[in-house]
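The values are calculated or read from the model by the stated rules, or taken from the named source; none is laboratory data. In this text, all values refer to a predicted model and were calculated from it rather than measured experimentally. Reconstructed Cβ throughout: ideal geometry from the backbone, glycine too, with neighbour counts over all protein chains shown. Heads up: the accessible areas ignore ligands, DNA and RNA and are worked out on the full protein's heavy atoms, side chains in. Shrake-Rupley method; radii C 1.70, N 1.55, O 1.52, S 1.80 Å.
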Amino acid sequence: MHEPSPATVRCVGLGRTYRGSRRSEQVHALDALDLTLEPETITVLIGPSGCGKSTLLRLIGGLDSPTTGEVRIGNRTADEARQAKQFGFVPQAPTLLTWRSVRDNVRLLTEVNVKASGKASSTDADVDAMLAAVGLQGFESARPSTLSGGMAQRVALARAFVLGADVLLLDEPFAALDEMTRAEMRRLLCELWTAHRSTVVFSTHDLNEAVLLADRVIVLSGRPGRIIADIAVGLPRPTPEGLEDSSAFGEALREVRAALRAAQHQTTAQHQTRERYQTTVGGAQ
Ligand code: ADP
Ligand code: MG
């Protein structure tokens, strides 16, 4: 068999069960999930809140261990890939260090990476070029507290992309931003991705965002998260003027929306079954 690319992500029979708040309770966040993500693609995970999007991203990034199955990044385990610094991560809140300047926040992980993996350090010029690429030229010495939410998330994107990571994991990164800023951030992400071509996995609960960004949309069902639709989209990126009025966009949107409705329907049905069960059990006591 040929060697997989170091940027191929493979999830095989992936499951994660958490202990619930009551001692006997178990929360099945993900169940027997099989998924292969090809290099140089953007995959968007969408599904009802609590369906396991963040869990899946954490498992891919080696930040958590699966209960069943495994994740492979190329021919490494997720943990080995994490140690080899193959991941960049952009969370919902940018988590910048308030006492460091914008430049030093972006540089921080590259410093850590040099020590851990022996990869070449990003120079100040690399960091400043990345800051210019995300539109933050002139803010290199600013403190995070002086930035708007959108600017802070630009710093988080710069911090992730400057690493040159094989796989970028973005967990609802634009959820806290207003619609206009989100559109700008989408454009920026597309530009950065075009220049760097990492394997991107992006979670969202926003349909438009999913369809506009994705080569492929994975719709997850309510807990336990299972893949209920795998939809190839691949609209032009960055989004050209008028794309949102096109029939291609409309069709993709309808397809993802229908799958998402099915996912939500499934979640509601599960809740009703659980409530009925609890009522029955409660009534018998
Ligand atoms: P999403 O990101 O799609 O909203 P999550 O992956 O955060 O979903 O969570 C999936 C399910 O697993 C939820 O029901 C959540 O409450 C549960 N869960 C997530 N992390 C933990 C944890 N550390 N301990 C217990 N339950 C958790
Ligand atoms: Mg989440």
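The residue of segment 1-17 that is nearest to ligand 2 (Cβ to nearest atom), among those that are surrounded by fewer than 19 Cβ atoms within 10 Å (Cβ to Cβ) and among the aliphatic types (A, V, I, L, M), is V12. Among the residues of segment 1-17, the ones that are assigned to a loop (DSSP other than H, G, I, E, B) and either in contact (Cβ under 8 Å) with a residue 12 or more places away in the chain or within 18 Å of the chain's Cα centre (by Cα) (or both) come to 6 in all.
When each of L33, L56, L37, L45 is tested for being farther than 25 Å from R186 by Cβ and either open to solvent by less than 50 Å² (accessible area, probe 1.4 Å) or within 15 Å of the chain's Cα centre (by Cα) (or both), the lone residue that passes is L33. The listed residues are L163, L168, and the only one of them that is under 15 Å from S198 (Cβ atoms) and either modelled with pLDDT under 95 or over 22 Å from the mean Cα position of the chain (by Cα) (or both) turns out to be L163. Note on segment 82-107: residues that are open to solvent by 40 Å² or more (accessible area, probe 1.4 Å), at negative phi and not charged (D, E, K, R) amount to 7. Taken over segment 142-177, residues that are outside any loop (DSSP other than H, G, I, E, B) and open to solvent by less than 30 Å² (accessible area, probe 1.4 Å) amount to 16.
A quick yes/no check of all residues on (1) of a type in the set (D, E); (2) under 22 Å from the mean Cα position of the chain (by Cα); (3) at pLDDT 95 or above:
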| position | (1), (2), (3) |
| --- | --- |
| V71 | no, yes, yes |
| P94 | no, yes, no |
| S122 | no, no, no |
| A125 | no, no, no |
| M130 | no, yes, no |
| A133 | no, yes, no |
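Among the candidates V162, V211, the residue that is farther than 28 Å from L243 by Cβ and either within 16 Å of ligand 2 (Cβ to nearest atom) or not polar (S, T, N, Q) (or both) is uniquely V162. Taking the criterion of being more than 16 Å from ligand 1 (Cβ to nearest atom) and either outside any helix (DSSP H, G or I) or free of Cβ contacts under 8 Å to residues at least 12 places away in the same chain (or both), the residues of segment 184-230 that qualify are R197, S198, T199, V200, A214, D215, R216, D230. Within segment 18-30, the set of residues being in a strand (DSSP E or B) and open to solvent by less than 30 Å² (accessible area, probe 1.4 Å) comprises A29, L30. For segment 59-81, filtering for residues that are open to solvent by less than 40 Å² (accessible area, probe 1.4 Å) and β-branched (V, I, T) leaves 3. For segment 180-189, the count of residues that are among the small types (G, A, S) and under 23 Å from G50 (Cα atoms) is zero. Screening P240 on (1) at pLDDT below 95; (2) surrounded by fewer than 21 Cβ atoms within 10 Å (Cβ to Cβ); (3) touching a helix residue (DSSP H, G or I) at 6+ places or on another chain (Cβ under 8 Å); (4) over 28 Å from C51 (Cα atoms) shows it passes everything except condition (3).
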